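Reading through the C-alpha cells given below for one structure.
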Amino acid sequence: MKTAIITGATSGMGRLMALTIEKNIPNIQEFWLLGRRTDRLEALKDELHTPCRIFTADLQDIHFLNDYEKALDENRPEIVFLVNAAGYGKIGKVKSIGLADQLGMIDLNIRALTGICKLSIPYMSEHSRIINFASGAAFLPQPAFAVYAAGKSYVLSFSRSLNEELHETGCYVTAVCPGPVRTEFFDIAETTGNIPVYKYLFMADPEKVCRLALRDSILKSEISVYGITMKALMIITKLVPIKAILLGMRLANFSGKNNIK
Ligand SMILES: NC(=O)c1ccc[n+]([C@@H]2O[C@H](COP(=O)([O-])OP(=O)(O)OC[C@H]3O[C@@H](n4cnc5c(N)ncnc54)[C@H](OP(=O)(O)O)[C@@H]3O)[C@@H](O)[C@H]2O)c1
C-alpha cells in the first residue's frame, strides 16, 4: 500500500506536511501519523480523507525503534513519502539547560530521525522521497542554542549523504532548512529562555514553508530553504569565516544575551 509516514504529525509543520501531501499527491493510499498526543493525531485523521494509522509514540523512548521496526515488518508498507518533522529545541546556554533537555534533543532530533530513516529505507519504493526537517540553525553554530544547532547540522549533513547513497535507487532526500516559523515550536523553546526579538521579525508562514518543502522534494532538491533571509544567511556562512560571524553576533548581542538564562 502506497504510504506516507509523518513524524511530528500532531502540530506545526508535520501536521501541515500531511495535509499538503494529501492535497498534491493523489496516489497516497495510507498515512502513518506519529506523535505523543493521540487527540491531535485523531483530529488530523478526521481532517484527512485518506485512511490513517495512528501511532501514539514517544520517539525518545529507547524501545520506540524496535516497535517501529516491528510495525514495518507486520504491515510491509510501500513508503512513498517519509517526513521526519518531530523535533524540539531549548533556548539557553549549555551550563543552564538541564541535562535531560539537552540529551533529549539529541535523542529526538538525531537518534530517532536516523533510526527511522535507516529502518524505512528497505520499504521505500522507487521515486520515493524522504523529507527531513533540519533548520537554518544548521548553517552555523548558535550560542545559547548550541545543542539544537549542532543537531540540525547533523540532520543536514546526514540527509545530503543519504541522498547521494540512495541516488541509484530513485529515492531522494531533502533537508528542509527554514528560519523561524510560526508554530508551537517556540512555546517549548522559550521555556528555558527567550529568542532574540529580531527572530520575530522573520517568522515564516508554516504553510508556505511546507508547500516549498514538498515542491523541492518532488524536484529532487537536496535542500529546501524558504525565504530570502535564510538564503542570504546560507550564502554568508559559506563566504564569511564562522568566527567573524560569531563575533558579530556577540557584538550585536544577537544571541539575546539579556534574555538567555
Ligand atoms: N518552528 C520553527 O521555527 C522551526 C524552524 C526550523 C526548523 N524547525 C524544525 O521543524 C520541525 C517541526 O517543528 P514545528 O515548528 O512544526 O514544531 P512543533 O509545532 O512544536 O511540532 C513539533 C512536533 O514534534 C513532536 N514531538 C516532540 N517531541 C516528541 C517526542 N518525544 N516524541 C514524538 N514526537 C515528538 C510533537 O508532537 P507531540 O508533542 O504530540 O509528541 C510535534 O508534533 C522540527 O524538527 C523543528 O526542529 C522548526
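Values quoted throughout were computed directly from the atomic coordinates according to the rules given, and no laboratory measurement underlies them. Since this is a predicted model, take the numbers as computed values, not measurements. Here Cβ is always computed from backbone atoms with ideal geometry, including for glycine, and neighbour counts include all displayed protein chains.
For the reader, a short list of remarks on this structure follows.
- The modelled label-to-label distance for the pair Leu119/Glu184, using points 7 Å beyond Cα in the direction of Cβ, is 2.3 nm.
- The spread of Cα positions in the range 1-156, taken along each principal axis and listed from longest to shortest, comes to 47, 31, 28 Å.
- The angle separating the long axis of helix 12-24 from the principal Cα axis of greatest extent in the chain is about 40 degrees.
- On Cα atoms only, tilt of 228-239 relative to the major axis of the chain in degrees: 70
- A dipole drawn for the chain from +1 and -1 charges on Cβ atoms has a positive end, and of Ser157, Ile28, Leu233 the residue lying farthest that way is Leu233.
- Applied to the range 160-166, the Karplus parametrisation 6.51 cos²θ - 1.76 cosθ + 1.60 on θ = phi - 60° returns per-residue 3J(HN,Hα) values of 5, 4, 4, 4, 5, 4, 8 Hz, with x for Gly and Pro.
- Once both labels are positioned 7 Å from their Cα atoms along Cα-to-Cβ, the gap between Lys220 and Ser96 label points is 4.7 nm.
- Pairwise centroid distance, computed over Cα atoms, of the range 1-70 with the range 93-124, Å: 18
- For the chain, the Cβ-based charge dipole about the Cα centre amounts to some 1200 debye (Lys, Arg positive; Asp, Glu negative; other atoms uncharged).
- Residues whose placed amide H lies under 5 Å from that of Lys93, excluding near-sequence neighbours: Lys261
- Derived scalar couplings ³J(HN,Hα) [the range 197-206; Karplus, 6.51 cos²θ - 1.76 cosθ + 1.60; whole Hz; x for Gly, Pro]: 4, 4, 5, 5, 6, 10, 5, 8, 7, x
- Between Val240 and Asn27, the contour length at 0.36 nm per residue exceeds the alpha carbon distance by 72.2 nm.
- Note on Thr229 and Arg53: the extension gain reaches 59.6 nm, defined as 0.36 nm multiplied by sequence separation minus the Cα-Cα distance.
- Within the listed set Leu212, Leu247, Leu34, the Gaussian network model of the chain (springs between alpha-carbon atoms below 10 Å) gives the highest mean-square fluctuation for Leu247.
- Counting only DSSP beta bridges whose two residues both lie in the chain, roughly 5 percent are antiparallel.
- Here the extension length gained between Ile106 and Leu247 equals 48.1 nm, from 0.36 nm per residue of separation less the Cα-Cα distance.
- For the pair Ala43 and Leu201, label points projected 7 Å from Cα toward Cβ lie 3.3 nm apart.
- Size-normalised alpha-carbon gyration radius of the range 78-208, reference 2.2 N^0.38 Å: 1.10
- By the helix-only formula, in which each DSSP H run with n ≥ 4 contributes -39500 (n - 2.57) and the sum is divided by residues, the chain has a 222 nm mean residue ellipticity of -13000 deg cm²/dmol.
- Counting every C-alpha pair in the chain, the share spaced more than 29 angstrom apart comes to 28%.
- Relative pair counts by distance (%), Cα atoms of the range 137-261, 5 Å bins: 2, 10, 16, 23, 21, 14, 8, 4, 2, 0, 0
- Reduced Cα scattering model of the range 186-254, Debye log10 I(q)/I(0), q = 0.17, 0.18, 0.24 Å⁻¹: -0.88, -0.95, -1.15
- Farthest positive-ward along the chain dipole, Cα basis, beta-carbon charges - from Leu48, Val176, Leu140: Leu140
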